[in-house]
Every structure is written in C-alpha cells, then in structure tokens.
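Note sheet for the following structure.
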Amino acid sequence: MAAAAVTDPSTRDAAEVASAVATDVDRGLAAAEAAARLDRDGPNRLEEERTVPAWRRLLSQFADPLVYLLLAAAVISLVAWSAEGSDGVPYDVLVIMVVVLANAVLGFVQERRSAQAVAALQRMAAANAAVIRDGGLARVPAFDVVVGDLLVLAEGDAVPADARLVDGALWAAEASLTGESTPVAKSPAPLAEPAEVGDRTSMVFAGTAITRGTARAIVTATAMDTETGRVARLLGATESDPTPLEREIARLGRVLGLGVLGIAAVVIATVALTQDISSLQDAVDVLLLGVALAVAAVPEGLPAIMSVVLALGVQRMARRHAIVKDLASVETLGSASVICSDKTGTLTQNRMAVTRIVTADGTASPAEASRLAREAVAFGALASDATVAGDGGFEGDPTEVAFLEAERELEAEALRSGFDRVDSVAFSSERRRMSVLATHDDRADVLAVKGAPDVVLARCARLRTTEGDIVLDPERRSGLDAAIDTLADGGMRTLAVAVREAPASSAQEHHEVDLTLLGVVGLEDPPRDEARAAVAEAQAAGIRVVMITGDHPRTASAIASQLGIVPPGSPALAGAALSRMDDAALAAAVEDASVFARVAPEHKLRIVDALQAHGEVVAMTGDGVNDAPALRSADIGVAMGRGGTEVAREAANMILTDDDFATIVEAVREGRGILDNITRFLRFLIASNLGEVLAVFIGVVLAGWLGLRNASGAVVAPLLATQILWINLLTDLGPALAVSAEPYADDLMERRPRRPGTPMISRRMWTGMAFTGTVMAAVTLVTFDLFLPGGLLPGSSDLDTARTAAFTVLVIANLTVAFAARSETRSTLHRLFSNPWLWGAVGLSLALQVAVVHLPVLNEAFSTSPLSLAQWGACAVLALAVPLAIEARKAVLRSRDRAAARG
Ligand code: ATP
C-alpha cells in the first residue's frame, strides 16, 4: 500500500513537499520512476488489496453444503466398500469425485471469466488524470497515479489523490468529504498551523471535484492513505451489497434447497421402509440416492452462470460504446422506464452552422449578409474561446467554432482586426453568455458579449443600425423577439451578440450592462440520424423519452418534435417556471412535460426526483460538474465519454463512448435481453431438475407396482445415484450455459418495462416448470412400465436394461426441454436453429449418453447395459412426448393470450 510520504504537507512549503516525495516541480516524475512506485505502492484504488491467489479461489469452490454432502457420501461409500472386502472398483466414489471436481472447475472458470470482464470494464470506466511526467503532459488512468506525481487540475476534473498545490488557484467542491456545500478556494500558500481537512486550503483531496480555476499539485497520498480512504477504512469494508437479482437467486436457491431436503428425506424413508435393506451396501445405496437427489434438485450452477451471463452482456455493451461500471446496472437498465437526455450532442450532432442572422436590416442568410450581419458575426467570434487548429480549421466549443467558420465565410475578420483580448469570462450554463474585453491601438476598447438572447437583450439599451446606434425601445424589441421566435421555431439555437464601446476595466458582470445589440444569430444543429429511430424504439418499448436542454423553449420543442419526442406544437417547460414550482407541483408537471428548456443543472436533480416519485426508473444523461448530483440520484446516471468531465464520469453508472442517444436505447435493449436470458436458463434448469426429482420420488413410491425388483425379487429404486449425478452434470454443464447465450428475442423492445421488484419467476412460469417436470417424470416412469414385467404395460427386459432406457429417456427429454425453455409461450420450433451453442451442447450431451450406454467401462460404472436400435427408437419416441406436451400447453397459453388481448 502507498505510504503517506509526508506528514501534514498543508503546512509545508511546496518545494519542501516536492523534495520529501522526491519529485521535480517542473518535470514531474520520470515515467520509469512512476512505474516503479506504482509497482511498490499498488494501484490508486479505494479498497484493500484483495488479490486472492488462484488456488484459494479454486478451493473456495468446495466450500458449499452440497459438496460437503457429496464428499461425506463418498467417504461413507468408500468405508462400506472396504468393509465389504474391497471388491473391484468403487465406482460410486469415483463418479462422485468426478462430479465434485467438474463442478468446482466449472465454477472457478466462470467466476474468473466474469471477474476479468468486470476488471476490464473498471479500467475502461476509470477516470483519467492529467499529470506531468518527464516534463510532458500525459493523461493516465487515475488508478496509476502515484505519490510524487505532478497533477494538472482544471475545471471539471475529479481529484484522483490527495495533493499539495504548487501554483495556480482553484475552487474545489468537497461536500463528499467534508459536507461543506459551497466550493472551497484553494491556493499554494502554506498554512500557518495544522488545520482540519476542511480548512486545508493548500491541499486538494481525492474524491472531490474542481469547479473552477486551474492549478498544479504534487500527489502526497494515494489509495487508502488519502483522507477519503481513511473515511472508507473507518466505515469498514467497501464490499458492495448484493443486487436485487442476486438476492432473488439466493432466495430461490434456499427455497429449492429446503424443499429438496424434505423430498430426499421422504425418499430415503420410503425406500428404507418398503425395500429390503439386507446389507451395509444396501444402506449406503439408499443414502447415496438421497444425496444424489439433493444434488440434482438444487441448481448449484445458477449464481456462476448468472455472473457469466451478466459479464458477457457488459462486454457486448462495451463493444457497442456503452461502458457499464457495475453488473447491477444491467438489471436497472433492463427496467428503465424514462430516459432523460440532453439535447446538444446526444440527440443532435453538435455540428453547428450559422444559417440565419437577424439585425436591424431584417433577417438574412449568410449568403445575403449585410455589413451589420457581418459585424454581428465578427464580434460574436471575438467573444469566444475557439481557436485555429493545426489543420487550418477551428477547434473548441461547436457553437463558437460556428462563429469562426461563418466569419471566415463572410470574410468579416477585418471588422475586428487589431483587437487584443485582455480579459474574459468563459461561457457557463448558469450565466448562459460569454464576454471578452479587448483593446485596440486606434479604436476605443470594446466589451463583446454573446449569449442566450433573453439574457443578452435584457442588458442591451441600444440597437446598431446602418445609420448609427438607436434606442432599443419596446416596439423594436418585440420585433426582434418575434424574429428570434421564428428562428427558434425552425429548431435553431439562437445567440445574441452585443458590444459596449466604453472602456471597462474587466469583463466582469457589472460591466455587462448598457450594451448595444449587433444582432441575433441562428445556428442549425441537425438531429442525429439514428436518434429519431432510437426515440421511436424506446417509445415502442414503453419508455418515455424526455429532452432536457439549456436552449430556448421554442428551439427545444421544435427539435423535440422533429425527433418524435412530442407532437409538433407542444410547449416546453422552461427552467424559470420550474423554479417557481414546489416539489408537488413539479411531480404533477412531469407527468405531461417531456421537453424542458432553459434548464440549469440543479433543475435536473429535481426532475429526476419528481419522476422517481412516480415510481419511474430513470436514466439521466449529464456531462458537467454540476450534473453530478443528478447523475448520482438517477437510477442510471449516464455520462458522456467524449464531451463530458471526469466528475460526471465518476458519478455515472454508465459511460457512452460515442455520446449518442441511440447507444442508451441499445444498452436498455441489452439489459432487457440479459434479464430475458437469465429467465430462460432458470426455466430450463428448474424444470429439468424438477423432472429428475419427481421421476425418482414417484418411482420410489410406485417401484413395486412398476416391477422394479432386483434378482432376489426385492423392490429397488428407479435410478441409481450415479445416474442422477450424470444427468445433472450433463444438463448443468453445456445446455444450461448455452440456453443463456440465446440470441435476444425479437419482441424484446415491444414489451413494457419490467417493474422493479417483480420476481424473475412469474406464477405462469412456476406452473410451466411444474408441468414440464411432471410430464418428464411421467414419461420416465412409463418407460419403466413398458420395459419391465408388471404394471399396466407388459414388458420383458431385465432391470439394468429398463433402468438404462428410463435414464436415457430422462436425458433426451431434458435436452428437448433446453429448446422448449427458450420461451414460455412461443413454439419451440420458432427460431429453432438460432443458437448454434445450444445445438453443439445438446449434440455433445447426446454423444456422451451414447457412450454411457455402450462403452463397457461406463456400463460398469453406471450399471447400464447396451440398448438395441429398436430400444433407442422407443426411448426417442417416449422422450419426444415431453416437447409435444409443452407445445400443447404453449398453444393453449397463446390462444388464451389472444383472447385476453381481444377482450
Ligand atoms: P444540453 O447540452 O443540455 O442540451 P445546451 O448545450 O443546449 O444544453 P447550453 O450549452 O447550456 O445548453 O446553452 C444554453 C444557451 O446558452 C444556448 O441556447 C445559447 O443561447 C447560449 N450559449 C451556448 N453556448 C454558448 C457559448 N459558447 N457562448 C455564449 N453563449 C452560448
């Protein structure tokens, strides 16, 4: 673990701290040194190092009550075998050991696979940090930051480790650490005396966020040695709670386990009472049967398969540009009922272009621009931070790039040449404007302001015309407002440009008054091509799409209707109106409003809360520092991987690497598909286990009647313990895993969202599984009856052959259930060949069954005897009764559903 290398760096000089942690305040650490320190101290992560060696993880697979039961059974039968003279090979013991080992290896491999997937995701989702190494700026994963690293911090950054400021000044939001709600000013000056964490103004702390300013700082502590790490250690383990799905599966396992213990006890008692137990070996056989039954009935592979399914799903999502940070979010995604999305860049392309300019001369396109229009564009370009890129194009905020591009197109640069920028206030979503103060050798200094028209116009006193500046009276103003509304109704983003030609000492707020309006510029930002289809897909899936934007309400509703979010002409709810509502009024308003405009980040949190008050499962996008609370509060916080800040990435559950709305819908689809496949393998596993248990249970009860008798005429159990273990191994290994890899159903996005808290297994599904299990058991017992003398059907086979046949029928029936279990109501023939894995797994299982019936060594181990071709045919026909019966039930359910839909 990293050591806090300096004691109380906040009171020491920056230079002193630098030498204490052996770093250079200009060049930072050498890359090799940073790597060595990372090796020595471990990753910068908030958890104790818990690298459990592989052998211990493998051993932990054996720590399971069922395994204890099996091992105990193995020991007992070994003792019995040696007590009875150690004849031949103790096959029971061998089979049990193979089953135990196979299950352990399978569980181990699956667990490792999902752990690796999660670790890979965590690396992808990790926040990055800007550090200076070898004198150059580098972006590294926050995990890799080491003591002595020289951090470069700027607005929107998440502070990766505790660090001592070297130069610069900034404000940090430290609420997560200290509870202080307003950002705290930080500067490099050392403290005169030691202070509490909240007052250490020369330090920044891991887990906090930079809201404003820039600075460089030397890392003094990482991982669990940071202040946040100390708190985490105090609070105890950072283990995450089980997710609702995991809890449900665990509960299911317990219920089935208890049920099965009951059944096993009854079976053992029945056999002991009705059958002739004459030797130690007989007694051990009965015991083994009970154990095998217990093992067969508990779907022990369930948790492991579930984590593999989830892990494979998140890997697929990552390939499709959605990085989910934890497996639990997959469940939540599958239940999402509202998606709140930013407009610019997520629903639209964020490729702005100036298409209309409104001035005192009227409205014109760039091609028809008057001198006034060109001046408006030029001073708008002056009031921006975008710059010329290496390739001669422009880089920066797309809105500002659009001004520079238009200026070049209109050849308007000359109108502002010679101006030198001396001060500026950058754009923020709160102020909704940007100002630049510029001086000129021959002309008066100018303050240029561009921003949202409502904000800028409120600060204008005059309007520029070709004849000079005139007073902006109410009549001219309403004329302008009407022109702005027309631009906004066309879906354009609107910005007003104004200047003040009086000398002002800075660009600060109190100087942004008494401005002269040059004009209003309309920018087009077309919707993303795929967004419209994605909105429609979400709506068809019962998911409401809500658009949230800082733009003008008319722009917002125009774009929203172009995308199909609302019908044309629907008004947007503006931030100002939202501010006036109390929580109850807002909760009522969100029922109808799907477009929110002129929204400030704090409104987003209220919108999330209001939607959640209706029981909605809300996905919310965000990119800025101020979006973090809304992202945390949403059920699924979605951060923008390209445009977003590190703070937003950290607060989110999912990161979109392409910033695209369609990717959110795709992720929801994936989430639903994963839940669907979990349901599928639950249906298969429980139904088939139930079939095995019922076959043995009812078989034991009816043994005498069915003719299940040994050579000396005593009644015996229908299947042997080894045979039950074999079936279990066969179904749990391949087919169960393959069922969970089924391609997603095509009607996935036509269903309503799943209500959170609804059980994975519905009543209809329970009935279906009980039905399938009963039919399987019945068919197995009919096989006995057919092969053995006695019962309803006359037969003439010996006990071993009859058992082999019934055993084979049960296996084949099981394999057909794997196909049938893919849907509760759809025909098994529907997309029968859609899953090559399933066919492969079923083919392999069948081959193994042929081997167990025909290979002499397996005949001996499993007490089977070879079947003739005719007997195989009989087995196949009998087994096929199972899928036929399921098919009939499905047809009944479908016609019932159709009737319900009509009525
Ligand atoms: P979202 O991404 O949530 O949809 P937005 O990008 O639409 O939000 P903001 O970026 O907050 O919203 O912009 C709000 C308003 O501020 C815009 O309608 C525009 O008038 C103005 N504006 C946007 N960018 C700038 C800028 N760089 N300089 C000045 N004003 C701007």
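Of the numbered criteria (1) open to solvent by 70 Å² or more (accessible area, probe 1.4 Å); (2) at positive phi, the one LEU855 fails is (2). Among residues of segment 452-469 being more than 16 Å from the ligand (Cβ to nearest atom) and not small (Gly, Ala, Ser), the one that is most open to solvent (accessible area, probe 1.4 Å) is GLU467. Can ALA125 be described as open to solvent by less than 30 Å² (accessible area, probe 1.4 Å), over 24 Å from ALA426 (Cα atoms) and at pLDDT below 90? Against the criterion (open to solvent by less than 30 Å² (accessible area, probe 1.4 Å), over 24 Å from ALA426 (Cα atoms) and at pLDDT below 90), ALA125 qualifies.
Among the residues of this structure, ALA322 does not count as one that is touching a helix residue (DSSP H, G or I) at 6+ places or on another chain (Cβ under 9 Å), within 23 Å of VAL499 (Cβ to Cβ) and either acidic (Asp, Glu) or away from the ligand (no atom under 13 Å from the Cβ) (or both). On inspection, ALA402 does not qualify as in a helix (DSSP H, G or I), more than 13 Å from the ligand (Cβ to nearest atom) and not charged (D, E, K, R).
Of the candidates ASP635, ASP623, the single residue that is over 20 Å from GLY345 (Cα atoms) and at pLDDT below 95 is ASP635.
Screening VAL152, VAL100, VAL146 for residues that are assigned to a helix (DSSP H, G or I) and of a type in the set (Val, Ile, Thr) leaves exactly one candidate, VAL100.
Conditions (1) of a type in the set (A, V, I, L, M); (2) assigned to a helix (DSSP H, G or I), marked per residue:
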{"residue": "ALA115", "(1), (2)": "yes, yes"}
{"residue": "GLN122", "(1), (2)": "no, yes"}
{"residue": "LEU137", "(1), (2)": "yes, no"}
{"residue": "LEU177", "(1), (2)": "yes, yes"}
{"residue": "PRO190", "(1), (2)": "no, no"}
{"residue": "ALA195", "(1), (2)": "yes, no"}
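Applying the selection to segment 767-801, what residues are small (Gly, Ala, Ser) and more than 51 Å from the chain's Cα centre (by Cα)? Scanning segment 767-801 gives GLY790, GLY791, GLY795, SER796, SER797. Restricted to strands (runs of 3 or more DSSP E) entirely inside segment 484-590, those with at least 1 residues that are within 14 Å of the ligand (Cβ to nearest atom) and more than 30 Å from ARG754 (Cβ to Cβ) are 493-500, 515-524.
Within segment 346-378, being open to solvent by less than 10 Å² (accessible area, probe 1.4 Å), closer than 16 Å to ASP397 by Cβ and assigned to a loop (DSSP other than H, G, I, E, B) holds for one residue alone: THR346.
Screening the candidates SER688, SER712 for the property of being closer than 30 Å to GLN849 by Cα and not in a helix (DSSP H, G or I) yields one hit, SER712.
Checking each residue in segment 428-451 for being within 10 Å of the ligand (Cβ to nearest atom) and either surrounded by fewer than 20 Cβ atoms within 10 Å (Cβ to Cβ) or more than 18 Å from THR387 (Cβ to Cβ) (or both) picks out SER428, SER429, GLU430, ARG431, ARG432, ARG433, VAL449, GLY451. One residue alone among ASP420, ASP385 is within 23 Å of ARG433 (Cα to Cα), within 12 Å of the ligand (Cβ to nearest atom) and open to solvent by 10 Å² or more (accessible area, probe 1.4 Å), and that residue is ASP385.
A Cβ distance below 6 Å, combined with a sequence gap of six or more or placement on separate chains, defines the contacts here; from segment 588-608, residues that are over 12 Å from ALA572 (Cβ atoms) reach residues that are assigned to a helix (DSSP H, G or I) and within 12 Å of the ligand (Cβ to nearest atom) in the pairs ALA600/GLY575; PRO601/ASN626; PRO601/ASP627; HIS603/GLY575; LYS604/ALA630; LEU605/ALA630; VAL608/ALA630. Among residues that are away from the ligand (no atom under 16 Å from the Cβ), over 30 Å from ASN653 (Cα atoms) and open to solvent by 10 Å² or more (accessible area, probe 1.4 Å), VAL291 is included.
The values are calculated or read from the model by the stated rules, or taken from the named source; none is laboratory data. Treat the numbers as computed from the prediction; the structure is a model and nothing was measured. Note that each Cβ is placed from the backbone with ideal geometry, even for glycine, and that neighbours are counted across all protein chains shown. These area figures cover heavy atoms from the full protein model, side chains too; ligands, DNA and RNA do not enter into them. Shrake-Rupley method; radii C 1.70, N 1.55, O 1.52, S 1.80 Å.
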